[in-house]
1. Determine the calculated [θ] at 222 nm for the chain from helices alone, applying -39500 (n - 2.57) to every DSSP H run no shorter than 4 residues and normalising by the residue count; nearest 500 deg cm²/dmol.
2. Through the Karplus equation 6.51 cos²θ - 1.76 cosθ + 1.60, θ set to phi - 60°, convert the phi angles of the range 262-268 into ³J(HN,Hα) values in whole Hz; use x for Gly and Pro.
3. Work out how much length Arg212 to Ala253 would gain on full extension: take 0.36 nm times their residue separation and subtract the Cα-Cα distance, in nm to one decimal.
4. ³J(HN,Hα) across the range 345-350 via Karplus (A = 6.51, B = -1.76, C = 1.60, θ = phi - 60°), whole Hz, x for Gly/Pro?
5. Which shape class applies to the range 17-363: rounded if a/c is under 1.5, otherwise prolate when a/b exceeds b/c and oblate if not, where a ≥ b ≥ c are the square roots of the Cα gyration tensor eigenvalues?
6. Multiply the residue separation of Glu324 and Glu346 by 0.36 nm, subtract the distance between their alpha-carbon atoms, and state the gained length in nm to one decimal.
7. What shape does the range 257-322 have by the C-alpha gyration tensor, where a ≥ b ≥ c are the square roots of the eigenvalues, rounded means a/c under 1.5, and otherwise prolate means a/b greater than b/c and oblate the rest?
8. Taking the Cα centre of the range 270-350 as origin, sum charge times position over the Cβ atoms of Lys and Arg (+1) and Asp and Glu (-1), and report the length of that vector in debye to the nearest 20.
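Values in this text are rule-based calculations from the coordinates and carry no lab data. All figures in this text were calculated on a predicted structure; none of them were measured in a lab. Counting neighbours? That spans all protein chains shown, and the Cβs are built from the backbone with ideal geometry, glycine included.
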Amino acid sequence: MKNMYRADVIGSMLRPKYLLGAREQYAAGKMSDVEFKRIEDRAVDECLAIQERAGVDIVTDGEMRRDHFASQLFQSTEGFKSIKENIVDWYDKDEHPVKDKASVGLVSTMRRKRHLCSEEFAYLRGKTKKPIKATLPSPTMYAYYWVPGISEAAYPSPQEYLADACNILRDEVTELVRLGVPYIQFDAPELGMLTDPHQREWFAAKGFNPDRMIHDGADMLNDVIKGHPGVMFGLHICRGNDRSRHMASGSYAAISKIIFSRSKAERLLLEYDDERSGDFAPLKDVPEGTTVVLGLITTKWPREETAEELEVRIREAAQFMPLEQLALSTQCGFASAAAGNAIPYEMQEQKLKLVVDVAREIWNE
């Protein structure tokens, strides 16, 4: 099967300490654009080297140029600013709730200043011969940033706002395709949140119908990716990943009959590293021809999984869909937010190497 990418990656990697320090200096006006770009480039080079040594089938730039996985939206588009009223619940490993401010909120009509990912892809293309993945926020991910009582000044309704977000993402995909990207992944933690009753209420309080969001999640993504038959598209659904915290718990069964069956994405990258994700039964809803990338290796904690336990879990998943339609990755990125998860920097390579070793053993490719 062409371009199966059995050993996949999700996107973000831990930022080196020198990059985190440089970002603070740059934000404070103590570093020039040229100096900062050189440091970002160095971090991308280092991140690429880790992936290439591990031997994964596809590489990313580690999202080194972003504050968090979706922040290139705010870095490249006007209309957002930090708003104290936009609060979301996170949970630590013991399920203790932690209220935290969302990164930004929508305050005015969105206007593109530049493309979101062209710099990331163009730089990485000149540094590697491996296939490259570009990562983007999903259309309904933008729902995070709608703030009732404030965002109406920009758009009459949340639906009109999401429609404009789709326009921005559609243009972004077109530009990435023009540049030659082979694989685009959309990150959709909001769909994972819709498996959790508490977070469904959070979206409802913002003015979104949670059931409609599930349908919109499939339809809007299909609208963005249509017309690009030569590019592989993936949909990554997790339940939040920020400083080793999570946002939601719940089986994919709550969304699988709609999202899995209707999405035109060729790959579903699914979080399955612990019991919060439920069992593999929802994989029965995956259509023929769609690959499921099992996120079995945690990026949240320094747990050392074994090849034997991963192989057992892959065989369990294969009871619900053909083994030939499966692939392997970590559960999420290592640093969806720049601060990163609570694992040692050097463990990234160890975990990615495990992905590769198990994938080669299972599929003999």
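1. Computed mean residue ellipticity for the chain: -11500 deg cm²/dmol.
2. Taking θ as phi minus 60°, the curve returns 9, 5, 8, 5, 7, 9, 10 Hz for the range 262-268.
3. 13.2 nm
4. 4, 6, 6, 4, 5, 4
5. It comes out rounded by the Cα gyration axes.
6. 4.8 nm
7. Because a/c hits 1.5 or more and a/b exceeds b/c, the range 257-322 counts as prolate.
8. Using only the charged Cβ atoms, the result is roughly 220 debye.
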